[in-house]
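Notes for the one structure printed next.
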Amino acid sequence: MKTLVSGVQASGKLHIGNYFGAMRQFTEFQDTHKSFVFIANYHALTTIHDKDTLKKNTIDAAIDHLAVGINPEKVIFFKQTEIPELHELTWIFNCLITVPFLSRANSYKDKIAKGIEASVGLFDYPVLMASDILLPGADIVPVGQDQKQHVEYARDIAEKFNNIFGETFTLPEAYIPKTVAIVPGTDGQKMSKSYGNTIPLFGTDEEVQKAIMGIVTDSKSPEEKKNPEEDTIFSLHKLLTPESKLIEIKKGYEDGGLSYAESKKLLLESFHLMFDDMRKRRNELARNPTSVEEILADGGKKAREHAQERMAIIRERVGL
Ligand code: ADP
Ligand code: TRP
């Protein structure tokens with residue numbers, strides 16, 4: 001069985017970009033891969049310096065992922081902070097790689113370009129992420145396009161370590177499903193919480209409706225013919241709407257007669273059809289956070305045992 005590893009940032013409300021870009025893969029792979037999925041609360045510390053917010057975001061992210069269908073019987077699901085060995089491995093990696101190598105990270109360069117003073121933690125973010133990926137021995141890492149470079153960092157670091165100390169780490173590969181590489185937001189740009197253009201997966205019915213009805217379009221009248229490939233609503237239909245209905249909608253665009261408002265209403269229906277069970281499950285889990293903590297503790301125990309075994313081998317290789 002191949003190993004899957006992925007982390008989720010505990011940094012706020014999830015949107016359908018997160019779902020199609022990352023979360024869905026976890027549930028797709030849980031039967032075929034040994035899966036480690038964790039809430040990256042150490043990484044969150046690079047941006048969140050408020051105790052209550054960090055705690056709340058961590059548990060919320062766990063609830064969200066259980067609601068979308070992560071099965072803790074199949075997936076080792078835990079908080080990153082259960083694995084202090086990650087920092088030991090990060091230190092070892094830090095001593096192998098160079099400052100210029102890390103300075104090429106897009107996430108770091110973007111922050112610097114915006115005039116943000118980077119913390120050492122932010123600079124080292126890709127190395128901690130490499131430890132997340134390499135310690136459990138990932139073959140594949142499902143992530144969105146923006147995280148691809150980080151997985152490449154992990155690969156480079158693994159190669160470097162293997163060259164120096166002998167074959168120890170599997171070379172991981174990012175898994176990015178092509179069709180949904182980038183989910184557009186309501187303004188047509190990449191959906192991202194930092195752009196305020198999201199369709200929230202677990203927002204209230206009103207919030208979801210407001211987001212979908214607010215999708216920006218051109219000003220073609222209902223009768224006019226429309227190119228579905230140029231429309232954000234249609235791009236989202238491709239993700240949300242069942243195939244049979246999609247063909248009909250496409251025809252409505254190409255022949256004219258389907259208004260954008262109507263297309264949005266159909267999209268809203270598709271949203272509820274696809275996500276209402278998850279939304280219900282989320283409400284149930286939120287009412288019982290203790291059960292979620294128990295799941296995380298149990299996953300943490302398993303992940304830690306595995307990490308300790310691996311770390312013993314790594315220490316031995318390095319001579320520590
Ligand atoms: P955001 O851009 O909203 O801050 P994050 O950076 O927290 O989202 O991303 C969490 C996960 O979801 C990552 O794997 C990321 O690549 C993926 N993701 C985020 N936005 C999108 C999107 N619009 N399309 C596809 N995947 C996305
Ligand atoms: N950096 C990832 C993000 O922002 C989260 C993450 C941390 C991660 N460690 C990871 C993803 C390891 C995959 C594998 O989404």
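Assorted remarks:
- Test: residue in segment 6-25 that is aromatic (Phe, Trp, Tyr) and within 11 Å of ligand 2 (Cβ to nearest atom): no
- Answer residue from segment 144-185, given it is aromatic (Phe, Trp, Tyr) and in contact (Cβ under 8 Å) with a residue 40 or more places away in the chain and is nearest to ALA105 (Cα to Cα) among those: TYR153
- Considered as a group, the residues in segment 167-188 that are at pLDDT below 95 and either surrounded by 13 or more Cβ atoms within 10 Å (Cβ to Cβ) or not polar (S, T, N, Q) (or both) include one that is farthest from the chain's Cα centre (by Cα), and that residue is LYS178.
- Pairing each residue of segment 223-237 that is closer than 21 Å to LEU268 by Cβ with any residue that is aromatic (Phe, Trp, Tyr), provided the two are 6+ apart or on different chains, yields C-beta distances under 6 Å for LYS226/TYR253; PRO228/PHE234; PRO228/TYR253.
- Top-ranked residue of segment 109-144 - restricted to ones that are crowded, with 18+ Cβ neighbours inside 10 Å and among the β-branched types (Val, Ile, Thr), ranked as farthest from GLU28 (Cα to Cα): VAL127
- Lone qualifier among GLU88, GLU82 - being surrounded by 15 or more Cβ atoms within 10 Å (Cβ to Cβ), touching a Gly at 6+ places or on another chain (Cβ under 9 Å) and of a type outside the set (Val, Ile, Thr): GLU82
- Residues (charged (D, E, K, R) and near ligand 2 (Cβ under 8 Å from one of its atoms)) located in segment 132-148: ASP132, ASP146
- Of all residues making up segment 9-58, the number that are among the polar types (S, T, N, Q) and under 10 Å from the mean Cα position of the chain (by Cα): 3
- So ILE164, is it more than 21 Å from ALA303 (Cβ to Cβ), aliphatic (A, V, I, L, M), within 16 Å of ligand 2 (Cβ to nearest atom) and surrounded by fewer than 22 Cβ atoms within 10 Å (Cβ to Cβ): no
- Any hit, segment 120-143, residues being touching a His at 6+ places or on another chain (Cβ under 6 Å), within 12 Å of GLY7 (Cβ to Cβ), modelled with pLDDT of 95 or more and among the aliphatic types (A, V, I, L, M): yes
- Taken together, ILE233, ILE157 contain a single residue that is more than 17 Å from the chain's Cα centre (by Cα) and closer than 30 Å to ARG315 by Cα, which is ILE157.
The values are calculated or read from the model by the stated rules, or taken from the named source; none is laboratory data. This one's a predicted model, so the numbers in the text were calculated from it and none came from an experiment. With ideal geometry, Cβ positions are generated from the backbone for all residues, glycine too; neighbour counts draw on all protein chains shown.
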